[in-house]
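What follows is a single structure, written as structure tokens, with notes after it.
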Amino acid sequence: MIVHDLLLAIGISLKTSGLAALIASLLAIPAALYLAGTDFRGKRVVLLINQTWMAAPTVVIGLLFYSLLGRSGPLGRFGLLYTQTAMTIGQVFLILPLIIGFSYTALRQVDRRARLTALTLGASRRQAGWVVLREARFALLVAVLAGFARAVSEVGIAMMLGGNIRNATRNITTAIALETAKGEFSNGVALGAILLVITLGINALVQAGLRSKE
Amino acid sequence: MRETAYALERIRFAYSGSPVPFQLELDLLRISAGDMLALVGPNGAGKTTLLLLLALLARPSQGRLEFFGEDPWAGDEKAVRARREAVLVTHHPYLFKGTIFDNIAFGLKVRRIPEAEWPPRIKEALSLVELPGLERKPASGLSAGQAQRVALARALALRPRVLLLDEPTANIEAGLALRIEAIVHEICRKAETTVVFSTHNFSQASRLGDEILYLSDGRRVPFSHENCFSGTAETDGRQSWIEPRPGIRIIFEGARTGHVTCVINPEKIRLFAAGDPAAGDGPNIFAGRVTRLEMTEADLALVRVSGGLTFRVTVPLMEIEAQGVSLSRPVLVRFGPEAVEIIGSEPELRENTHD
């Protein structure tokens, strides 16, 4: 595997999974905030479905979106199959329940008095919601990073929806699968190590950034 | 005539989904602007619930609540504006992560007060609660008393029209508690801030409150639950008495007949070790054992003595040591007939057994 291809695969991994983590967080954190702060009928069922969804195999999600985005599927006319967009969409649905679950737990652990205190000090309901998010920011960050890690390390969705097209949708994990299939095990292991180093670097950078703000 | 800060009529409030059935019911309550109202009652009486309603953090399920002549719940924006006029300091205050400065600045920020005004206001508020120079200290790691003072400073910095305090000196050591009382009193007078505070401490309520609202089981009651007894009054022409329990007489001054309720101020009851000749003999001497002993404020202890009747007695700490008072020790309580205050005829009232 030449360096150019390697760098491109790393770039595609970071781009698709980073975007998936961002989009999923924007959907999951408000949902978790709502779930944590509101009691309604059927909430337990919602949480149960979310937990079950967390265990969904990547190939099942890949297959589901393959049938939706494929030419004969209901969304086939958009021509998204075998694109980075398709990979991102699939990964969003993969990590959405994970981020909801982790964020829900994080927000439930925020002292209930935080919201009440913000309100009595004059915050609007929205500002009080921000206060709760801010109080749980470290745990929320862990949720987002866990989501990113899950997305960047999965192979089923990237393979089924991206198609492992060289210089277009081949990311690190599909490249590892290809190298392994070719019998180039050492390349596969090296790519795996690169993936871990990248994840480590991102975690370290984000946590250092947060610490400096404290 | 002074403005009315709060007007509550036929208020009903219950916590939804609470496992313990509780309802606050207040038919009428008016609080004048600039007044200091004490809420007194045992745990579960509804003091905190009423403070939450007054802080506009909870909405009554029935009835009318007016805040400075307006309905605070008429629209979201109006509710936020009204809430910014009334700040509640809770019994166990929550401090946000960050520094003490961040905590106090929060309310100023949401009110969009220019940043240039923050430091002097924060400095002044911290000086008032005797925590000067702590602006940059992290809020985590403060003692309960310090946290309560920071929470008070956080409220004072906002200069609200109404200050709501839930047991404001509960976690604060004796001497400082008195100073905090003085600060609150001064703010109420100088800035004409309306203050509503809850307390278990009858003497604190009497000392600070322009008015005292007694609550029990979510309802207004006409008396304190401390040392409240009732019974059928009898008289021999010279003195009168009631028998809250058969054979146990509380003697009071003046002639009365019919069913009466009386209270005895805990500060007017004296405590003696059992067998202490200083207790003397005469009316209103009761034997019992110390079943509770707790420090309140201003070097005072609250002692509960249970015998035929249960009394709460406020005793200086020095006297506790001098008398060798400790838990389960037999003691005598004594008060003069003049200490017994008749608060009216309440046919349905019985001896208080609350704690």
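Worth a mention:
- Charge dipole of the protein assembly as shown about the Cα centre (unit charges at C-beta), most positive-ward option of B:PHE335, A:GLY163, B:VAL221: A:GLY163
- Neighbour count of at most 15 Cβ within 10 Å plus DSSP loop: longest trypsin sites (Lys or Arg not before Pro)-free window in chain B: B:239-349
- Checking every one of the trypsin sites (Lys or Arg not before Pro) in the stretch A:18-68 against DSSP loop status and a limit of 13 other Cβ atoms within 10 Å picks out A:ARG41.
- Each other residue within a Cβ distance under 14 Å of B:LEU332 adds +1 if Lys or Arg and -1 if Asp or Glu, for a net charge of +1.
- Size of charge dipole - chain A - debye, nearest 20, with Cβ of Lys, Arg +1 and Asp, Glu -1, no other charges: 800
- Three principal axis extents describe the C-alpha atoms of the stretch A:115-178; from largest down they are 58, 17, 16 Å.
- For chain B, the dipole from Cβ point charges (+1 on Lys and Arg, -1 on Asp and Glu) about the Cα centre works out to 940 debye, to the nearest 20.
- Cα-based Kirkwood hydrodynamic radius, the protein assembly as shown, one decimal, Å: 28.6
- All other residues whose Cβ lies under 10 angstrom from that of B:ARG84 are scored, Lys and Arg at +1 and Asp and Glu at -1, for a net of +3.
- Charges were assigned to the Cβ only: +1 to each Lys and Arg, -1 to each Asp and Glu. The resulting dipole of the stretch B:64-189 about its Cα centre is roughly 320 debye.
- Of B:LYS78/B:LYS109; A:LYS43/B:LYS78; B:LYS123/B:LYS190; B:LYS47/B:LYS123, pairs whose Cα-Cα distance is over 25 Å: A:LYS43/B:LYS78; B:LYS47/B:LYS123
- Sparsely packed loop sites in the stretch A:1-76 (the chymotrypsin sites (Phe, Trp or Tyr not before Pro) outside DSSP H, G, I, E and B with at most 11 other Cβ atoms within 10 Å) comprise A:PHE40.
- Considering only Cα atoms, the convex hull volume of the stretch B:1-152 works out to 159 Å³ per residue.
- The A:ALA55 and B:HIS92 beta-carbon pair, evaluated with R₀ = 35 Å, returns a calculated FRET efficiency of approximately 0.35.
- Listed residues A:GLN84, A:GLN207, A:VAL3: farthest to the positive end of the dipole of chain A (Cβ charges): A:GLN207
- FRET efficiency estimate (nearest 0.05) - Cβ-Cβ, A:PHE138 to B:GLU234, R0 60 angstrom: 0.30
- Fraction of alpha-carbon pairs over 31 Å apart in chain B - percent: 43
- In degrees, nearest ten, helix A:137-153 long axis to first principal axis of chain A (Cα): 20
- Reported value for the stretch B:1-78: 101 Å³ per residue, from the convex hull of its C-alpha atoms.
- From helices alone, chain B scores -7000 deg cm²/dmol at 222 nm; the rule is -39500 (n - 2.57) for each run of n ≥ 4 DSSP H residues, then divide by the residue total.
- When the protein assembly as shown is described by a simple charge dipole with +1 on each Lys and Arg Cβ and -1 on each Asp and Glu Cβ, the residue from B:PRO283, B:GLY254, B:SER127 located farthest towards its positive end is B:SER127.
- Dmax and Rg, reported as Rg then Dmax, of the stretch B:228-344 (C-alpha, Å): 14.4, 42
- Each other residue within a Cβ distance under 15 Å of B:GLU25 adds +1 if Lys or Arg and -1 if Asp or Glu, for a net charge of +3.
- Intensity falloff of chain A expressed as log10 I(q)/I(0), Debye formula with alpha-carbon point scatterers, at q = 0.09, 0.12 Å⁻¹: -0.42, -0.70
- Nitroxide proxy distance, nm - points 7 Å out along Cα→Cβ at A:ILE165 and B:ALA273: 9.6
- Taking θ as phi - 60° and the Karplus parameters 6.51, -1.76 and 1.60, the scalar couplings of the stretch A:58-73 work out to 4, 5, 5, 5, x, 5, 4, 6, 4, 6, 7, 8, x, 3, 8, x Hz in sequence order, x denoting glycine and proline.
- Ellipsoid fit via the Cα gyration tensor, the stretch B:121-244: semi-axes of 39, 15, 13 Å, each the root of five times an eigenvalue, largest first.
Throughout, read-outs are computed from the coordinates displayed, never taken from laboratory work. Bear in mind the structure is a predicted one, so any value in this text is a computation, not a measurement. Neighbour counts are summed over all protein chains in view; Cβ atoms, including those assigned to glycine, are modelled from backbone coordinates with ideal geometry.
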